[in-house]
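Structure, as structure tokens:
The values are calculated or read from the model by the stated rules, or taken from the named source; none is laboratory data. Since we're looking at a predicted model, the values are computed, not measured. Neighbour counts run over all protein chains shown; Cβ positions are idealised from the backbone, glycine included. SASA here: full protein model, heavy atoms, side chains in, ligands and nucleic acids out. Shrake-Rupley method; radii C 1.70, N 1.55, O 1.52, S 1.80 Å.
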Amino acid sequence: MHSSRRPVSRRTVLRGAGGLLAAAASPLAACSADPDFYTLVPWPGAAQAGGPAVVEVRTPSVAVSLDRERIVSSEGDYRLRTAGGDAWSEALPGMLGHVLTTDLQQRLPGSVVFAQNDAVATTALAVVELTVTRASRDAGGRAVLAGSLAVHWLGHDGGASDVLALSLPVGGSATGDLVAALSRLLGQVADRAAAHLRAMGAVVPSE
């Protein structure tokens, strides 16, 4: 369900008096080489009906240290490292929100699930809110997804919240391996959110 294959970077070609020079031969051109872009992907889980009929996934809140073009590869020893020329294909908060939405759509076949700011002709009954404070490798090389999850009725009492401290081994040292592991961890977040939504039921609490 995932792929670690990286897109081929386009390389600038310079034309000089002696013909064509590959960009790799020029330090200036090497600095301007396009990055390889990566994206999180949906991760399947158990599909089961139940929960509110309409659910909105709010755009996740992401720590400033993670909300950057370059992928944060690891954190530890008071240092944050980025993955060289590897970058996210879009802003991380929006990507997280749309992948989590797709994960929940698959897990909650009886509910309409949409991401915040999507054009929809319906009003949410329940809301999913995710905060991400860490999404990288730890000192031991495991992928870590940390933060918090809250699921609640819109404008009513009732719901649940979790502190997230999820981790699992990474299949390799490449950036694609880390992104695949983070996709699996986001699927685990969707599992928790779906369970909370089913526990809330389909009926909005009375005033």
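Below, the figures for the structure above:
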| quantity | calculated |
| --- | --- |
| DSSP bridge orientation in the stretch 57-207 - percent antiparallel, rounded to nearest 5 | 85 |
| Sequence-distant residues sharing a close amide H with Gly50 (under 5 Å, placed H) | Gly110 |
| Unit Cα scatterers, Debye sum, the stretch 87-207: log10 I(q)/I(0) for q = 0.17 Å⁻¹ | -0.88 |
| Contour excess over end-to-end distance, with Cα ends at Ser89 and Ser148 and 0.36 nm allotted per residue | 18.8 nm |
| Apportionment of accessible area to carbon and sulfur, the stretch 63-160, percent (1.4 Å) | 50 |
| Coil-residue trypsin sites (Lys or Arg not before Pro) of the stretch 121-180, DSSP, other Cβ within 10 Å capped at 10 | none |
| Pair Ser173, Thr122: separation of 7 Å Cα→Cβ label points (nm) | 4.8 |
| Low-density loop cleavage sites - chymotrypsin sites (Phe, Trp or Tyr not before Pro) in the stretch 77-173, where at most 13 other Cβ are within 10 Å (DSSP) | Tyr78 |
| Nonlocal amide H pairs with Tyr38, under 5 Å, H built at 1.01 Å | Ala87, Trp88, Ser89 |
| Order of exposure, largest accessible area first, which applies to Asp191, Asp157 with probe 1.4 Å | Asp157, Asp191 |
